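Novice: Sending over a structure as structure tokens; questions will come in a sec.
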Amino acid sequence: MENLILILKIVYGSFFCFAGITHLVKPNFFKNFIPNYFPKLYVNYFIGFIEFFLGLGLFFNKYIAFSAVSIIILLILLLPIHIWDVTKERPAIGSKKIAIVRIPFQFLLIYGMYIVYLNS
């Protein structure tokens with residue numbers, strides 16, 4: 001189990017750091033994911049910073065529990081955007097199939113982060 005937790009921390013930490021950097025370096029990639037009633041660039045950079053620092057936190061024992069709970073909250077808060085994407089004629093993720101698969105994948109991500117939290 002210890003190895004699984006270590007792998008999850010490395011994978012999630014790397015994924016969220018990469019996603020955060022991508023938000024900052026390629027903000028146009030995410031613009032269609034953000035509803036029009038939000039200031040797109042601000043929201044994009046804000047989420048990017050949050051994702052990067054929470055991902056980074058998974059590499060430091062002192063911050064693992066905080067980062068894990070915060071990532072779970074972030075994933076739950078972003079779930080409505082993924083559901084909204086499914087309802088669009090042309091989903092931002094690319095296709096309806098990918099948009100539909102992404103929703104259960106979000107729950108899998110939440111569960112994996114919950115396992116990390118329980119073992120932090």
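The values are calculated or read from the model by the stated rules, or taken from the named source; none is laboratory data. Values in this document were obtained by computation on a predicted structure and should not be read as measured data. Every residue, glycine as well, gets a Cβ built from its backbone with ideal geometry; the counts of neighbours run over all protein chains shown.
Novice: If Tyr12 satisfies every condition in (1) within 16 Å of Ile71 (Cβ to Cβ); (2) aromatic (Phe, Trp, Tyr); (3) at pLDDT below 90 but one, which is the exception?
Specialist: That leaves (3) as the condition not met.
Novice: Also: Please find, within the stretch 43-64, the residue that is surrounded by the most Cβ atoms within 10 Å (Cβ to Cβ) out of those that are without any contact (Cβ under 8 Å) to a residue 40 or more places away in the chain and among the β-branched types (Val, Ile, Thr).
Specialist: Checked the stretch 43-64; the qualifying residue surrounded by the most Cβ atoms within 10 Å (Cβ to Cβ) is Ile47.
Novice: Hey, among the residues in the stretch 84-105 that are closer than 19 Å to Asn44 by Cα and surrounded by 13 or more Cβ atoms within 10 Å (Cβ to Cβ), which one's farthest from the chain's Cα centre (by Cα)?
Specialist: Pro91
Novice: Also: Determine the pairs where a residue that is farther than 15 Å from Ala19 by Cα, located within the stretch 65-79, has a partner that is polar (S, T, N, Q) with Cβ atoms under 8 Å apart, the partner being 6 or more residues away or on another chain.
Specialist: Final answer for the pair search is Ala65/Ser120; Ala68/Ser120; Leu79/Gln106.
Novice: Follow-up. Being within 13 Å of the chain's Cα centre (by Cα) and of a type in the set (Phe, Trp, Tyr) is the filter; apply it to the stretch 19-64 and report the residue that is farthest from Ile83 (Cα to Cα).
Specialist: Filtering first and then ranking leaves Phe53.
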